[in-house]
Amino acid sequence: MSQAPSDTALAYEAYRRPEDLGAPPSESTAMVQLTIDGKAVTVPEGTKVIRAAALAGINIPKLCASDMLEAFGSCRLCLVEIEGAKGLPASCTTEVAEGMEVTTQNPRLADVRRNVMELYISDHPLDCLTCPTNGDCELQDMAGAVGLRDVRYGYAGENHLDAEKDESNPYFTFDPSKCIVCSRCVRACEEVQGTYALTIDGRGFESKVAASQDQPFLDSECVSCGACVQACPTATLTETSLIEMGQPEHSVVTTCAYCGVGCSFRAEMKGEEVVKMIPNKDGHANHGHSCVKGRFAFGYATHKDRITAPLIREAIDDPWREVSWEEAIGFAADKLSKIREKYGPNSIGGITSSRCTNEETYLVQKMVRSAFGNNNVDTCARVCHSPTGYGLKSTLGESAGTQAFDSVLKADVIMIIGANPTVAHPVFASQMKRRLREGARLIVVDPLQIDLVRSAHVQADCHLQLRPGTNVAIINALAHAVLSEGLEDRPYIEDRCEPDAFEDWRRFILEERNSPEALAEVTGAPAEDVRAAARLYAAGPNSAIYYGLGVSEHAQGSTMVMGIANLAMATGNLGREGVGVSPLRGQNNVQGACDMGSFPHELPGYRHISDAETRALFEREWGVELLPTPGFRIPNMFDAAIAGHFKGLYVQGEDMAQSDPDITHVSDALSSLECLIVQDLFLTETAKFAHVFLPGSSFLEKNGTFTNAERRISPVRKVMKPLAGYEDWEVTQLLANAMGYPMSYGHPSEIMDEVARLTPTFHGVSYEKLDRLGSIQWPCNEKAEQGTPTMHVDTFTRGRGLFRLTPYVATQERSTARYPLLLTTGRVLSQYNVGAQTRRTRNDQWHGEDILEIHPHDAEQRGIEQDDWVGLKSRAGDTVLRADITERVQPGVVYTTFHHPESGANVVTTDNSDWATNCPEYKVTAVQAYKVTRLSDWQLEFGEFTETQLELLRKARPPVSA
Ligand code: SF4
Ligand code: SF4
Ligand code: SF4
Ligand code: FES
């Protein structure tokens, strides 16, 4: 073995509390000059004095103010003197003015501040030495800053020192005895998160913070985002991990490994242990906010189920054998080589993961194309957003979302189609809610009553509650309404789009069969509502579409994406801030996995494998000859495996045996393989069928980059050494070398340099630039050195925008007498995808099982009551779930999630798929539901198989105590 396990030095800086300038920045471009303590300061008009002072290096004491929150002015600690002004104004609420002269320190101010602190401290437990935030407490700091030496009011009077702690939330504790009622938590919940779970109850001395109706946090509306904990200047709201572990001593900036928002975090560490993950205020995607997953659910990385030694076995009913890396890699390479020799070059392939870094994904596809000698590489985007790639590329010329997340703050009308941002993209949802509270209008197109239809201070103007499977009908109806009412943007179309294609599309859309009236029967959405939504969207002036898997995971997923692009082009809503078409990508690096050439037909940068010039470029760099024809997609691999001519598969970080549709078919395919190599953190459902298990590394154990849904490339930085010795890219490199294809990267930055050399949209990307800028939105090249927040500004990437015809074709998955209901699937906030990570954290408290949501009418017809076991049967298979009777779903529609393998949601989903990309139609399955008293046969078999596989694993591993 030529390469030693990774010992890359961990790059970190000493822990420090993030700087807080006391008030948010002003957006004004006009500048104002003033003096603060005799120092000349120039800041934008509208800046608060406290911020202007902080920018000049003068820190005015404060407690209730924060640069994440609007000014409040309750604590009176930040008082200053302003020449010519009466009294002592609060610097956190006072705006700068031209020529203003401010004094921040003198004996009078010092006296007032000391007095304020005395009052606070007289009702505060003096247990600093044993307090969890000792050493990182703003109250403590302020006592020091004002020179508090005595508390004249004593501690014996009426106080809150005995108030009881609320420890109901698994991730943070609320200790009201330490509360100074500064209201920062309440305001953070409102302004930053937008949940409005907290209030200040009572008045005067009786005031206290209360969650919902004075409930324990866990029972309240709180969604555990952590914004209040972050805002609290005392130990009142404190992370449980901090209480357990003590203060961190260094921190590393990295990127969340959960959803496509790609939040930046400071991993705050004690040695190699994470104490807490603090959302990074400098993070361009999240601006200091987070959700429960990224903020708290990192415990899986050190969970006892982690497999940290390579395992091999000849057959899947053999016990695993723990072996050295050398033996495992040799075994895997030998098996793959022999299969290739025996069954031909097309008999092996690889699957990349949207959870892995760009560098790792790039390397897997390179290994398949070079070392395996074919193009049989695919990725999980196949089952989520492959239609986005196809639909946007063919209309606009680039397979990615057009906007930065911040663009939503300039939108006047927001249309959400088939997405549930508050659960799947929570931090972006908070930003969206902020804009909606500012007055933007909202159109929701979804079969479900998603949270945003009606929640605190947010109410959709239109909810088109369409039937599952009728997306294309509704987008055509919206376009028909726009054109028939003359609401299209003619100058924009003439200037930016292909005229003939527009004319063809216009004639097609104006056909009566596409009118809202003709389609109302099909979609279930009243024609007048569709027309109202179309008018709202067309009026803008800035209208933005955000869509999710409810668009792509359909038999007409690609058609729908084209329909969305058509509507945006027709109304001139592309090419500037506040508008656009933005796919909300599910997993953290699904955009990156696609960018890096994970599809069998595309090299990195979405260039077709048949293009000789592109191939020649890669052939020169890689030193091999590439096949000019696309390889197998995932469904092709499975079919070929069952047919007996696809025999070897390398899977990095994917769990098709839980996430892909028609699980029985997937299991049959995996069982047909002669060599399945799985590289992962745990014994996943797919790994139970494996012959080689290569331990993976979590995002905390590696360097690399993720690319989020807004094309933002963000750094992933190693905060601890890989538990199994290698980062994932190193393992791929070892395997490629063992297969006879030499790779010798010393660091992932070298892989990114290669990507940049070979990919025009990445030409300007480097680790040095990422360190300097924090993150970069591609394209980043000679034309856009700093990256590209908004795409298609003057012209579309393909030149002129291309309208594509989008005839609505009803899916085969229609309700029938036998299967009268339509099943649609989705996610919950606390769990992530197949749940392999989140189920191994305290998030399990919120969603211990997948349940079936069913409308009261359908439940009553079937004699189903709340929490009953319900059999769910489709033409693909059947399973049993517990019932939740709710009007969130419409009559005729049932809904579930797929976070727990034993629920078998994907046993029921079928192999129907998108006509262009094979993306499965998860969102529509015709089913019957009926009351049962036992688990399904599949579930019983699944239980047995799982128990057997765990036993085979136990035989290989020494038992680990919990
Ligand atoms: S954790 Fe988030 S949702 Fe819960 S109370 Fe705090 S700010 Fe509100
Ligand atoms: S809990 Fe913390 S942030 Fe909230 S009012 Fe009390 S001290 Fe202020
Ligand atoms: S899961 Fe998504 S929204 Fe939540 S912290 Fe991670 S990247 Fe941000
Ligand atoms: S910090 Fe200004 S009043 Fe509290």
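The values are calculated or read from the model by the stated rules, or taken from the named source; none is laboratory data. Fair warning: this is a prediction, and the values are worked out from it, not measured in the lab. Positions of Cβ are backbone-derived with ideal geometry, glycine not excepted, and every protein chain shown enters the neighbour counts. Surface accessibility is based on the protein's heavy atoms, side chains included, excluding ligands, DNA and RNA. Shrake-Rupley method; radii C 1.70, N 1.55, O 1.52, S 1.80 Å.
Numbers for the structure displayed
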read-out	value
Computed magnitude of the charge dipole of the chain (debye, nearest 20; Cβ of K, R +1, Cβ of D, E -1)	640 debye
Heavy-atom accessible area ranking, 1.4 Å probe, most first, across 869, 320	869, 320
Three-way shape label, segment 808-884, alpha-carbon gyration tensor, a/c 1.5	oblate
Loop-exposed trypsin sites (Lys or Arg not before Pro) per DSSP, neighbour cap 13 Cβ within 10 angstrom, longest uninterrupted part of the chain	305-782
Degrees separating the helix 426-437 axis from the principal Cα axis of the chain, which is the longest one	60 degrees
In Hz, Karplus ³J(HN,Hα) per residue of segment 824-841 (6.51, -1.76, 1.60; θ = phi - 60°; x = Gly, Pro)	10, 10, x, 10, 10, 4, 7, 10, 10, 6, 6, x, 4, 8, 5, 5, 9, 9
Residues whose placed amide H lies under 5 Å from that of residue 921, excluding near-sequence neighbours	912, 913, 914
Lysines with Cα under 16 Å of residue 721, excluding same-chain neighbours fewer than 8 positions away	270, 702
Percent antiparallel among DSSP beta bridges (both partners in segment 387-463, rounded to 5)	20 percent
From phi via Karplus (6.51, -1.76, 1.60), per-residue ³J(HN,Hα) for segment 632-637 in Hz, x at Gly/Pro	6, 7, 3, x, 5, 4
Residue 941/residue 302 FRET efficiency (R0 51 Å; Cβ-Cβ; nearest 0.05)	0.95
Evaluated at q = 0.05, 0.09 Å⁻¹: base-10 log I(q)/I(0), Debye formula over Cα of the chain	-0.31, -1.01
17 Å Cα-Cα reach of residue 955 towards aspartates and glutamates, excluding residues that sit fewer than 8 places from it in its own chain	305, 314, 317, 318, 322, 944, 947
Partner lysines for residue 276 [C-alpha distance under 16 Å; skip if fewer than 8 residues away on the same chain]	293, 718
FRET efficiency, residue 812 to residue 327 (Cβ-Cβ, R0 51 Å, nearest 0.05)	0.60
Cα gyration tensor, segment 531-571 - rounded (a/c under 1.5), prolate or oblate	prolate
Mean accessible surface per residue for the chain, computed with a 1.4 Å probe while every protein chain stays in place, in Å²	36 Å²
Mean Cα-pair separation over length for segment 29-181, i.e. relative contact order, pairs under 8 Å, 6 or more apart, %	20 percent
Extension gain, residue 164 back to residue 318 (0.36 nm per residue minus Cα-Cα distance, nm)	50.0 nm
The chain - share of DSSP beta bridges that are antiparallel (%, nearest 5)	60 percent
Within segment 410-543, percent of DSSP bridges classed antiparallel, to nearest 5	20 percent
Protein accessible area in the chain, 1.4 Å probe - carbon and sulfur %	50 percent
Cross-link pairs beyond the 23 Å C-alpha cut-off, checked among 338/366; 178/281; 48/433; 62/178	178/281; 48/433
Residues in segment 497-528 that a label on residue 805 would reach, taking backbone N under 19 Å of a point 7 Å out along Cα→Cβ	498-515
Nearest-ten-degree value, helix 527-539 long axis tilted from longest Cα axis of the chain	60 degrees
Amide H partners (placed H, <5 Å) of residue 894, local residues excluded	822, 823, 824
Under Karplus coefficients 6.51, -1.76 and 1.60, residue-wise ³J(HN,Hα) of segment 341-349 in Hz, glycine/proline x	5, 6, 9, x, x, 8, 8, 10, x
Calculated FRET value between residue 111 and residue 35, using beta carbons and R₀ = 25 Å, to 0.05	0.60
Contour excess over end-to-end distance, with Cα ends at residue 97 and residue 948 and 0.36 nm allotted per residue	299.0 nm
From the C-alpha gyration tensor of segment 193-314, square roots of 5λ in Å	32, 16, 16
Three-way shape call for segment 691-762 based on the alpha-carbon gyration tensor, with the a/c threshold at 1.5	oblate
Estimated distance in nm for a label pair at residue 773 and residue 221, the labels positioned 7 Å out from Cα along Cα-to-Cβ	3.9 nm
Stretchable slack from residue 272 to residue 459, in nm (0.36 nm times residue separation minus alpha-carbon distance)	62.8 nm
Distance (nanometres) between label positions extended 7 Å along Cα→Cβ at residue 785 and residue 629	4.7 nm
Using alpha-carbon coordinates, inclination of helix 386-395 to the longest axis of the chain, degrees	90 degrees
Relative contact order %, the chain, counting alpha carbon pairs below 8 Å whose residues are six or more apart	13 percent
